[in-house]
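Working notes, structure below.
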């Protein structure tokens, strides 16, 4: 029988197999943080009542399917700035637990909203 260990596969086959596999914890975390920060950066400065309800509902539902007791309790901010700052602080809390460097929360717009303006 052939060994199907990842290291034993040719490079092209390893890439295909990796693409078909679910994200590992680190990949999922990185992609989720990128999505949430970007979404928060585009949240309106003065959201309508409906937008506030929809954002609260989004985070409420996310917390039910992405289990985190602390997150589920704190997912209720109303302004874009509050949401961005809260999310950055939560992200930094997770980074600290993982031994990673914190992000400068005063630069959320520069990183997640304005950073794309220099791209072509």
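A few comments on the model shown:
- On the stretch given as the range 73-93, residues that are outside any loop (DSSP other than H, G, I, E, B), surrounded by fewer than 15 Cβ atoms within 10 Å (Cβ to Cβ) and either touching a helix residue (DSSP H, G or I) at 6+ places or on another chain (Cβ under 7 Å) or modelled with pLDDT of 85 or more (or both) total 2.
- Taking each residue of the range 53-64 that is without any contact (Cβ under 8 Å) to a residue 40 or more places away in the chain and looking for partners that are part of a helix (DSSP H, G or I) with beta-carbon atoms closer than 6 Å, six or more apart or interchain, yields 63/71; 63/72.
- Restricting attention to the range 94-114 and to residues that are over 28 Å from residue 50 (Cα atoms) and assigned to a helix (DSSP H, G or I), the residue that is modelled with the highest pLDDT turns out to be 96.
- Look at the range 17-30: where a residue is within 22 Å of residue 65 (Cβ to Cβ) and a partner is at pLDDT 75 or above, sitting 6+ places away or on another chain with Cβ atoms under 7 Å, you get 23/31.
Conditions tested, residue by residue: (1) at pLDDT below 85; (2) surrounded by 15 or more Cβ atoms within 10 Å (Cβ to Cβ).
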| position | (1), (2) |
| --- | --- |
| 7 | yes, no |
| 16 | yes, no |
| 27 | yes, no |
| 32 | yes, no |
| 41 | no, yes |
| 47 | no, yes |
| 55 | no, yes |
| 59 | yes, yes |
| 68 | yes, no |
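The values are calculated or read from the model by the stated rules, or taken from the named source; none is laboratory data. On a predicted model such as this, the values are computed, not experimentally measured, just so you know. Reconstructed Cβ throughout: ideal geometry from the backbone, glycine too, with neighbour counts over all protein chains shown.
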